[in-house]
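Down below is the structure, laid out as structure tokens.
The values are calculated or read from the model by the stated rules, or taken from the named source; none is laboratory data. Just so it is clear, the model here is predicted, and its values are computed rather than measured. Neighbour counts run over all protein chains shown; Cβ positions are idealised from the backbone, glycine included. Ligands, DNA and RNA are stripped out before the accessible areas are found, and what is left, the full protein with its side chains, is counted by its heavy atoms. Shrake-Rupley method; radii C 1.70, N 1.55, O 1.52, S 1.80 Å.
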Amino acid sequence: MSDNTLSTTRRGVLRSGVAIAGTTMVAGIPATAADSNGKLVFTYDDGPVKDFTHTYQKAHRKGGVPGCSAVPAASVGNSDNLSAKQLRTLADEGWEIMSHSVQHRSLGDIEITRDINPDDQKIYVETNHHGKIPGDTLVVNDGSRSTIVTVAGKGSDGRGEFVELESPIGQAFTASDGVTERYTDDILRTALGGSKKQLEQYGVTVTNIVMPYGGYGERTQELAGEYFTAVANGGLAIGGRAQIHRAGEIQLPHLSRAMFRRGKMTKAELGTFLDKVAAADTLGILGGHSWWQERLPPARIRMAIQMAKDRNIDIVTLHDALTDLKVTDSSTSRTTTTKTSQTNTEGGAPKTTQSSEKFPAGKNNETTNRPTTETNQPGFGSLAALVSIGCGVALKRYRNK
């Protein structure tokens, strides 16, 4: 979706103060209130159909505010996942579509947990996410030496989780030296740039990303800014998660978010987070998943939306937040404020320890076993005529109280 098209969509029209069917507005009033207390972005991962049928239709649409759906490109149109039509509907209704890689690979560094002998065809790891796709290539690295291996599969035994290799590794590594493994650059670039390209073929614009599992290793941090304005869950690069972001201190592409499902954040903790956003008049990002196991039902999302409105926080997409805060200079460019280093190559770079936003117990990276409730409902409707400034009607949708 281009800038020219954006002005005719719900998001573009609402932000310029034009009336829309189903929305009572005053023409000429900007969508972002001048006296708002900061900005809040809602992000949802994995692109399940429930982003549309529950999170959008039963929460955000009722609250009149947008959200962001982070979608693995390869999942679009699969059973229980968002369809291309739904992606376009969400975008037209003011939502932002974000990347979540192509095949939901974890793009960070993973720690090797046991010593490796040259004839080993298994490497024991903190988590075996990188073993899910046979044929993938990994860099095993201790900071001074590295080798490239090919994945045959994954598993676990009494010694822990492991990645199985197609052939013996050929070198010895000592786990206590801080050995890690990560995807090779070609896989990282496909997961980043390839996901953006594939998603945009469905007619949406993609400028930001959520990293699967929160995996955000050093090499990924270097590459991310080549393809995206911001990493919504890049807190590892800036000191941790659940931070708020003052406009003058944002270091793109690295941003931080807080997960707000039940069991992860209490209502009181959510209130404290929102109080910080409002008091500092700054940016906060919330994250969650729409699957039924997540304990993030529409009622909880509606609660969070209302709590933000009660504090007069402007709820927007990440794209619009960064534009409004003047962090980015254009509605389509990634950014001109940050240059990413391209000095690291396949081996020899120091490692960074992965810290991931874990899926629920027993949940792998695939979004399966969810009830199918896809409806392809058309959303809010078409554009209507401008409303007179003197009509005195209240703005009800896509603007906070």
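Annotations
- Note on the stretch 143-283: with neighbouring protein chains present and a 1.4 Å probe, carbon and sulfur make up 44 percent of its accessible heavy-atom surface.
- Only protein heavy atoms count here; under a 1.4 Å probe, R262 has an accessible surface of about 110 Å².
- Computed E for R246/T174 - FRET, C-beta separation, R0 41 angstrom, nearest 0.05: 0.45
- Note that the stretch 222-239 has calculated 3J(HN,Hα) couplings of 5, 8, 4, x, 6, 10, 9, 5, 9, 9, 5, 10, x, x, 4, 7, 10, x Hz, one per residue in order, obtained from phi through the Karplus relation 6.51 cos²θ - 1.76 cosθ + 1.60 (θ = phi - 60°); glycine and proline are x.
- Long-range amide H partners of H254 with built H, under 5 Å: V231
- Among the protein heavy atoms of the stretch 64-118, carbon and sulfur supply 38% of the accessible surface, probe 1.4 Å, non-protein parts ignored.
- Applied to the stretch 205-216, the Karplus parametrisation 6.51 cos²θ - 1.76 cosθ + 1.60 on θ = phi - 60° returns per-residue 3J(HN,Hα) values of 9, 10, 10, 9, 9, 10, 6, x, 6, x, x, 8 Hz, with x for Gly and Pro.
- Solvent-accessible area of K264 with every protein chain in place, 1.4 Å probe, in Å² to the nearest 10: 120
- Kirkwood Rh in Å, taken over the stretch 101-171 so that all alpha-carbon pairs contribute: 12.3
- Among the protein heavy atoms, those of K276 account for about 120 Å² of accessible surface (1.4 Å probe, every chain in place).
- Solvent exposure of the stretch 108-189, expressed per residue, is 42 Å² of accessible area, with all protein chains present and a 1.4 angstrom probe.
- 1.4 Å probe accessible area per residue over the stretch 227-295, in Å²: 39
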